[in-house]
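Chemist: One structure follows; several queries about it will come next.
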Amino acid sequence: IDGCRPVALPRAATPHLGSVIANGIFAPDTQILGDRYADNNTISGPGWSSILIGVWADKHGVDDNEFTEPNYDEFPHFFQRIKESRPDAVTISIADWEPITSKIVRSADVARHSIDDQPSNSGNPHPEHDVVVTRDAVEQLRTADPDAMFVYLGQVDETGHRYGFHPRVKQYMAAIERVDGHVGELLAALAAREEKDLEDWLILVTTYHGGRVTGHGDGHKVPEIRNSF
């Protein structure tokens, strides 16, 4: 969930995320930058690279959204690590931020940017894009047999850029609540799988950054931006 501040979750009506938290582990003060390296900007390119690869930007080489010299051959997407261990594993990525699909993903059996006409980081909320992503992901859970799936939902970040990243901003909170509904759809799709009694899913929900006012760039020393969950 891009751009979702941890402090906003308990103030929003999020029953589905709440159920994940209640039945799992919640870390509300994760830091998006490591002590060893913090030269990368606090934006999506380095952030989602770090999440999907598992190393800081000094290794994966992405400091901004330009992807000038990514080091993905040496430090690839975690799908590639899965494939190295289990070549027959099915890996699926569905996102509505295009660089995830075109730049970061490696070794996916399905890698889909579900919105063809969305400008990257436009700052204009498009909640219908997350509807399409969720519908696509639910269909994959219904018809395919994924071993690992990544689903990206972007409207919370877009809404923050437009109206503000704060729990007092009603549009921001409404976006979080809509995304919670999408999380519920995904959880229901998992529960409806024919092989559910034989499967044991690990569900991870995270965000790359928070935000302050209507931005999150250059947020190296800003807790509202640095804190993830």
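Chemist: If you build the convex hull over the alpha carbons only and average its shadow over all orientations, what do you get for region 27-143? Give it in nm² to one decimal. Spell out each step's value before the answer.
Modeler: Values: hull surface 35.3 nm².
Over every viewing direction, the Cα hull of region 27-143 projects on average to 8.8 nm².
Chemist: Moving to a separate point now. Most fluctuating residue of Gly45, Gly219, Gly24 in a GNM of the chain with Cα springs under 10 Å: which is it?
Modeler: So, out of Gly45, Gly219, Gly24, the one fluctuating most is Gly24.
Chemist: What part of the accessible area of region 1-85, given as a whole %, is carbon or sulfur when the probe is 1.4 angstrom?
Modeler: Numbers: 2060 of 4270 Å².
Carbon and sulfur: 48 percent of the exposed surface of region 1-85.
Chemist: Shifting gears a bit: List the residues, sorted by chain then number, that are 5 or more residues from Ser228 or on another chain and whose placed amide H is less than 5 Å from its amide H.
Modeler: Under 5 Å from the amide H of Ser228: Thr30, Gln31, Ile32.
Chemist: Return the loop-located trypsin sites (Lys or Arg not before Pro) in region 30-103 (DSSP other than H, G, I, E, B) with at most 16 other Cβ atoms within 10 Å of their own Cβ; answer none if there are none.
Modeler: Numbers: sites: Arg36, Lys59, Arg81, Lys83, Lys103; in loops: Arg36.
Sites meeting the loop and neighbour criteria: Arg36.
Chemist: Can you list which of the chymotrypsin sites (Phe, Trp or Tyr not before Pro) found in region 19-123 are DSSP loop residues with at most 15 other C-beta atoms within 10 Å? Walk me through the intermediate numbers first.
Modeler: Numbers: sites: Phe26, Tyr37, Trp48, Trp56, Phe67, Tyr72, Phe78, Phe79, Trp97; in loops: Phe26, Tyr37, Trp56, Phe67, Tyr72, Trp97.
Passing sites in region 19-123 are Phe26, Tyr37.
Chemist: Also, I was wondering about something else. What accessible area per residue, rounded to a whole number of Å², is obtained for the chain using a probe radius of 1.4 Å?
Modeler: On the way: 11290 Å² over 229 residues.
Using a 1.4 Å probe on heavy atoms only, each residue of the chain averages 49 Å².
Chemist: Expressed as a rounded percentage, what relative contact order does the chain have, with Cα pairs under 8 Å and six or more residues apart?
Modeler: Details: 411 pairs, mean separation 71.5, N = 229.
About 31 percent, as a whole number.
Chemist: Give me a comma-separated list of calculated 3J(HN,Hα) values for region 163-170, in order, Karplus coefficients 6.51, -1.76, 1.60 applied at θ = phi - 60°, integers in Hz, x for any Gly or Pro.
Modeler: 10, x, 8, 8, x, 7, 8, 5
Chemist: With a Förster radius of 30 Å, plug the Cβ-Cβ distance of Ala89 and His220 into 1/(1 + (r/R0)^6) and report the FRET value to the nearest 0.05. Let's see the in-between values first.
Modeler: Details: r = 37 Å, r/R0 = 1.22.
Once the sixth-power term is evaluated, E becomes 0.25.
Chemist: Enumerate the amide H contacts of Ser93 below 5 Å, restricted to partners 5 or more residues apart or on another chain; note that Pro and chain-start residues carry no placed amide H.
Modeler: Val110, Ala111, Arg112, Phe150
Chemist: Here's another thing I want to ask about it. For region 112-229, with all protein chains present and a 1.4 Å probe, just round the carbon and sulfur fraction of the accessible area to a whole percent. Mind showing how you got there, number by number?
Modeler: On the way: 2960 of 6020 Å².
The nonpolar share, carbon plus sulfur, comes to 49 percent.
Chemist: Which of the peptides 140-148, 86-94, 188-196 is most tightly packed, and how do the rest follow, judged by the mean count of other Cβ atoms within 10 Å per residue? Let's see the in-between values first.
Modeler: Values: 140-148: 15.1, 86-94: 17.6, 188-196: 11.8.
Taking the mean over residues of other Cβ atoms within 10 Å, the ranking is 86-94, 140-148, 188-196.
Chemist: Using heavy-atom solvent-accessible surface (probe 1.4 Å) with all chains present, what is the largest-first order of Leu153, Leu202?
Modeler: Numbers: Leu153 5, Leu202 135 Å².
Reading off the accessible areas and sorting them downward yields Leu202, Leu153.
Chemist: To the nearest 20 debye, what is the magnitude of the charge dipole of the chain about its Cα centre, counting +1 on the Cβ of each Lys and Arg and -1 on the Cβ of each Asp and Glu? Kindly include the intermediate steps, with their values, before the conclusion.
Modeler: Numbers: 21 positive and 36 negative charges, 166 e Å.
It works out to roughly 800 debye.
Chemist: Where Rh is the Kirkwood radius over the Cα pairs of the chain, the temperature 25 °C and the viscosity 0.890 mPa s, what D in µm²/s does Stokes-Einstein return? List each step's numbers first, then the result.
Modeler: Values: Rh = 17.9 Å.
Answer, rounded: 137 µm²/s.
Chemist: A further question on this structure: Quick one: what are the phi-derived ³J(HN,Hα) couplings along region 131-146, Karplus 6.51/-1.76/1.60 with θ = phi - 60°, whole Hz, x for glycine and proline?
Modeler: So the J values, rounded to whole Hz, are 4, 5, 4, 5, 4, 5, 5, 4, 5, 5, 5, 7, 10, 9, 9, x.
Chemist: Translational diffusion coefficient, Stokes-Einstein: compute it for region 133-202 using the Kirkwood radius over C-alpha pairs as Rh, at 4 °C and 1.567 mPa s, and state it as an integer in µm² s⁻¹. Walk me through the numbers before you get to the answer.
Modeler: Values: Rh = 13.5 Å.
For these conditions, the coefficient is 96 µm²/s.
Chemist: At 222 nm, what value in deg cm²/dmol follows for the chain if DSSP H runs of at least 4 each add -39500 (n - 2.57) and the sum is divided by all its residues, to the nearest 500?
Modeler: Values: 8 runs with 82 residues, N = 229.
Calculated at 222 nm, the ellipticity per residue is -10500 deg cm²/dmol.
Chemist: Which ³J(HN,Hα) values in Hz, rounded to whole numbers, follow from the phi angles of region 54-60 under the Karplus curve 6.51 cos²θ - 1.76 cosθ + 1.60, where θ = phi - 60° and Gly and Pro get x?
Modeler: Residue by residue, region 54-60 yields x, 9, 6, 5, 5, 9, 7 Hz.
The values are calculated or read from the model by the stated rules, or taken from the named source; none is laboratory data. Everything quoted here is computed from the prediction, not taken from an experiment. Every residue, glycine among them, receives a Cβ derived from its backbone with ideal geometry; neighbour counts consider all protein chains shown. These area figures cover heavy atoms from the full protein model, side chains too; ligands, DNA and RNA do not enter into them. Shrake-Rupley method; radii C 1.70, N 1.55, O 1.52, S 1.80 Å.
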